[in-house]
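Q: Below: one structure in structure tokens.
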Amino acid sequence: MAMVEIQDVHKFFGELHVLKGVSLEVEAGEVCTILGPSGSGKSTLLRCVNVLEEIQAGSIHVDGILMGYGQDAEGRLYELRPKELAAQRAPIGMVFQRFNLFPHMTALENVVEAPIKVKGANKSKAKAKASELLERVGLAERADHYPAQLSGGQAQRVAIARALAMEPDLMLFDEPTSALDPELVGEVLAVMQDLAASGMTMLVVTHEMGFAREVSDTVVFMDQGSIVESGSPEDVLVNPSNQRTRDFLDKVL
Ligand code: ADP
Ligand code: MG
């Protein structure tokens, strides 16, 4: 089984059919980039992967585990309770457009919070690990700064370090650079590129075509709740076969 297996997923918000039978596989160690116009369902798809949204049909497996469900002693499926869901989500890191760091905590405190609270990690070990992670994202000297004292690019790198502190097997990125001033985009993409090179499995929604082309193993184009095209960056970005993909690329390139 692939690391991420999304099978024929349907998602409704009330009457609104937002995901219309989406299927997608991401192999361990691969980077899959999702492109598509605003409102096509990209964020919803990512949110379904870590069960921030419920799906109405289809299934999502991460690392062989059916997301949102557990099995009782008789092997029957049941919907997970919030605490169990949190445990199921622990190996999935997510980075959003708006770096939702805790404003009253330093960079280091933001990074150590979840391992201690959610995993019950040893405090001094978690701190040492957090320092290492801040160094890895180039922010060793910002450890004691509060989010308000960081640039957008620095804050987003702290958010990435915070997700990595949970030792995820999969990282989800939802337009991680869209809220940044243009001159700060590169430093965040560089951290993501490093992460990809280290073998992390990544599902990335972005409008950064350079990243999509150079870092992705697979590029997926979504429109109106469906994946209309997927393949290598070359296939999708250079020789798209679908007219909607071509129209989209004409606008963004
Ligand atoms: P994208 O990330 O590609 O811009 P979204 O996944 O955010 O698209 O949204 C897909 C569609 O679902 C849009 O029509 C959006 O308005 C709708 N939508 C997203 N979230 C909600 C929600 N919580 N309630 C109702 N409709 C939503
Ligand atoms: Mg979105």
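Q: Test of understanding: among 54, 25, which residue is assigned to a strand (DSSP E or B), farther than 14 Å from residue 171 by Cα and more than 16 Å from ligand 2 (Cβ to nearest atom)?
A: Within the list 54, 25, the selection yields 25.
Q: What do you reckon, is residue 245 surrounded by 20 or more Cβ atoms within 10 Å (Cβ to Cβ), more than 16 Å from ligand 1 (Cβ to nearest atom), among the hydroxyl-bearing types (Ser, Thr, Tyr) and more than 16 Å from residue 43 (Cβ to Cβ)?
A: No: the conditions fail for residue 245.
Q: So which residues in region 81-125 are without any contact (Cβ under 8 Å) to a residue 40 or more places away in the chain, buried (at least 17 other Cβ atoms within 10 Å of the Cβ) and in a loop (DSSP other than H, G, I, E, B)?
A: Selection gives 121 alone.
Q: Also: In region 27-48, which residue that is more than 10 Å from ligand 1 (Cβ to nearest atom) and crowded, with 24+ Cβ neighbours inside 10 Å is farthest from residue 227 (Cα to Cα)?
A: Looking at the filtered set, the residue picked out is 31.
Q: Of everything in region 37-50, what is more than 9 Å from ligand 2 (Cβ to nearest atom), closer than 19 Å to residue 21 by Cβ and part of a loop (DSSP other than H, G, I, E, B)? Give them in sequence order.
A: Of everything in region 37-50, just one residue is more than 9 Å from ligand 2 (Cβ to nearest atom), closer than 19 Å to residue 21 by Cβ and part of a loop (DSSP other than H, G, I, E, B), namely 37.
Q: Follow-up. Residue check, residue 43 against (1) without any contact (Cβ under 8 Å) to a residue 60 or more places away in the chain; (2) within 30 Å of residue 244 (Cβ to Cβ), all met but one. Which one?
A: (1)
Q: Okay, next question. Residues that are buried (at least 21 other Cβ atoms within 10 Å of the Cβ), assigned to a helix (DSSP H, G or I) and either in contact with an Asp or Glu (Cβ under 6 Å, 6 or more places away or on another chain) or modelled with pLDDT of 95 or more (or both): does region 140-150 have at least one?
A: No, every residue in region 140-150 fails to be buried (at least 21 other Cβ atoms within 10 Å of the Cβ), assigned to a helix (DSSP H, G or I) and either in contact with an Asp or Glu (Cβ under 6 Å, 6 or more places away or on another chain) or modelled with pLDDT of 95 or more (or both).
Q: Which condition does residue 63 not pass, out of (1) within 16 Å of ligand 1 (Cβ to nearest atom); (2) of a type in the set (Asp, Glu); (3) under 30 Å from residue 155 (Cβ atoms), if it passes all the others?
A: Among (1) within 16 Å of ligand 1 (Cβ to nearest atom); (2) of a type in the set (Asp, Glu); (3) under 30 Å from residue 155 (Cβ atoms), the lone unmet condition for residue 63 is (1).
Q: Next question. Out of all the residues in region 67-82, is one or more within 25 Å of residue 206 (Cα to Cα) and either at pLDDT 95 or above or among the small types (Gly, Ala, Ser) (or both)?
A: Yes, the conditions are met somewhere in region 67-82.
The values are calculated or read from the model by the stated rules, or taken from the named source; none is laboratory data. If you're wondering where the values come from, they're calculated on a predicted model, not measured in any experiment. Note that we place each Cβ from the backbone using ideal geometry, even for glycine, and neighbour counts take in every protein chain shown.
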